[in-house]
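Notes follow the structure.
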Amino acid sequence: MNAIDPSLEAAPVADWRSYPIHADLMSLQAASDHIAVTWSDSRVSPFHHQWLRDNCSCSQCVYSVTREQLFEIADAPEPLHPQRTRIDEQGQLLIDWQNGHHSAFHPGWLRAHAYDDASRAERFAQRPQSRLWRAEMAEQLATFDYHAVMNDDATLLQWLLAVRDIGLTQLQGVPTTEDVLPVLATRISFIRESNFGVLFDVQSKADADSNAYTAFNLPLHTDLPTRELQPGLQFLHCLVNNATGGESVFVDGFAIAEALRQETPELFRILCETPVEFRNRSRTSDYHCLASIIALDAYGAVSEIRMGNFLRSAFDAPVAQMPALYSAYRRFIEMTREARFRVQRRLDAGQLWCFDNRRTLHARTEFDPTSGARHFKGCYVDRDELLSRIRVLQR
């Protein structure tokens, strides 16, 4: 391998991250519209001229303070081609373009962004994967100590990774004062406000504007399915729980969706493709959202569940499709009631749930408000903030 300057290997490139060098650039082969790079492990990666020019990170193309791009590919000459290409003594790819512009590409960055089949498959395999769970989660619940999360970044990262990959966690040893939750939530990022406030109190109220603020059994749901973007994370901090009943129930919506995909793929397809309207009306607000119950990401994996029967409007589908829609909807609800998927736990004072609201459906069994006080404090943080905090901690 070439002798690499250690500062080059550790240097951040354009986007605040550092790229270790796993393979050296060994040779270049020119083609009409691309350069084929051969690496020290024999992998060959073609890079098109437009792609290379588009990703130049020099000070003319990327502002060094923000590390955001200034250059737009429409400003490059067409047809675009290099005048000269070479590998320098530090192992970088250097390109002199026909209009006099010069580009240098760090080998670690170039390998990390290579788009040959092997490199893309390698990146795909390294993507975070959801860890699906069923009833056995009750015995394997990801539990963390509040003080460790607040004072140790390594523990904070482990907690956030569990929230990302499992979607259900519990913190223990949380002080039972009302000022604790916002401090904990902002350990991740800023809190998302809704019409229920920055923070909300989950307790029985005579003038309730949501079934959550009653003593009724609350069926499995995601919060705010009536919004274009449902909240990502939900926090529920138990300040006091002396009432009879009121246990928390959870199911992994991703696990149910995948089971539905395997068992009855036609019903799964219907819930992915059929828009359903959710609405939430009160004296001072009126929210509506039309979206599918199951959403898929760009790779076809389940990325979001939207469910709240008590917030659902009448189905609006073509006559011929209505029976099938009801079959799919009934089957999904039936699966959420099956013991194989359900986790049921009581949350006591000093404990806190944090879960992915766009994945983990939650419910509450009925409780007797005359048997004792029950008061949870809640808030939301968007999923994007969780993922951003994870990346910053990791880099």
>> Any residue in region 291-315 that is closer than 17 Å to Pro231 by Cα and outside any strand (DSSP E or B) sitting within a Cβ distance under 6 Å of a residue that is modelled with pLDDT of 95 or more and of a type in the set (D, E, K, R)? List the pairs, counting only those 6 or more apart or interchain.
In response: Ile293/Arg306
>> Can you go through Glu277, Glu258, Glu247, Glu273 and tell me which one is at pLDDT 95 or above and farther than 15 Å from Ser303 by Cα?
In response: Glu277
> Among (1) surrounded by fewer than 18 Cβ atoms within 10 Å (Cβ to Cβ); (2) modelled with pLDDT of 95 or more, which single condition is Ser282 missing?
Replying inline: (2)
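Results for (1) modelled with pLDDT of 95 or more; (2) of a type outside the set (S, T, N, Q), shown as yes or no for each residue.
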position: Pro20; (1), (2): no, yes
position: Ser32; (1), (2): yes, no
position: Thr38; (1), (2): yes, no
position: Ser57; (1), (2): no, no
position: Glu68; (1), (2): no, yes
> Quick check: anything in region 93-100 on the phi > 0 side of the Ramachandran plot and exposed (fewer than 14 other Cβ atoms within 10 Å of the Cβ)?
Replying inline: yes
> Looking at (1) of a type in the set (Asp, Glu); (2) in contact with a strand residue (DSSP E or B) (Cβ under 7 Å, 6 or more places away or on another chain); (3) surrounded by fewer than 19 Cβ atoms within 10 Å (Cβ to Cβ), can you tell me which one Asp223 breaks?
Replying inline: (3)
> What's the number of the condition Gln90 fails, among (1) surrounded by 13 or more Cβ atoms within 10 Å (Cβ to Cβ); (2) in a loop (DSSP other than H, G, I, E, B); (3) without any contact (Cβ under 8 Å) to a residue 60 or more places away in the chain?
Replying inline: (3)
> Somewhere in region 150-169, is a residue modelled with pLDDT of 95 or more, outside any helix (DSSP H, G or I), aliphatic (A, V, I, L, M) and surrounded by 15 or more Cβ atoms within 10 Å (Cβ to Cβ)?
Replying inline: yes
>> Given the condition without any contact (Cβ under 8 Å) to a residue 12 or more places away in the chain and either of a type outside the set (Gly, Ala, Ser) or within 30 Å of Glu266 (Cα to Cα) (or both), answer yes or no: does some residue in region 369-376 qualify?
In response: yes
>> Name the single residue that is farthest from Leu160 (Cα to Cα) among those in region 356-389 being at pLDDT below 95 and among the charged types (D, E, K, R).
In response: Asp368
> Say we look at region 337-358 and pick out the residues that are under 22 Å from the mean Cα position of the chain (by Cα) and farther than 16 Å from Leu141 by Cα; which of these is surrounded by the fewest Cβ atoms within 10 Å (Cβ to Cβ)?
Replying inline: Arg358
> Which condition number in (1) β-branched (Val, Ile, Thr); (2) touching a residue at least 60 places away in the same chain (Cβ under 8 Å); (3) surrounded by fewer than 16 Cβ atoms within 10 Å (Cβ to Cβ) is the one that Val251 fails?
Replying inline: (3)
>> Name the residue that is nearest to Arg53 (Cα to Cα), counting only residues in region 68-82 that are in a loop (DSSP other than H, G, I, E, B) and of a type in the set (Asp, Glu).
In response: Glu72
>> Taking the conditions exactly as written (closer than 22 Å to Met26 by Cβ and at pLDDT 95 or above), does Arg53 satisfy them or not?
In response: no
> Hey, does region 194-215 have a residue that's in a helix (DSSP H, G or I), of a type in the set (Ser, Thr, Tyr) and modelled with pLDDT under 95?
Replying inline: yes
> From Arg279, Arg358, Arg391, Arg340, which residue is farther than 17 Å from Arg261 by Cα and assigned to a loop (DSSP other than H, G, I, E, B)?
Replying inline: Arg358
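The values are calculated or read from the model by the stated rules, or taken from the named source; none is laboratory data. Model, not experiment: these values are computed from the prediction. Don't worry about glycine lacking a Cβ; one is built from the backbone with ideal geometry, like all the others, and counts go over all protein chains shown.
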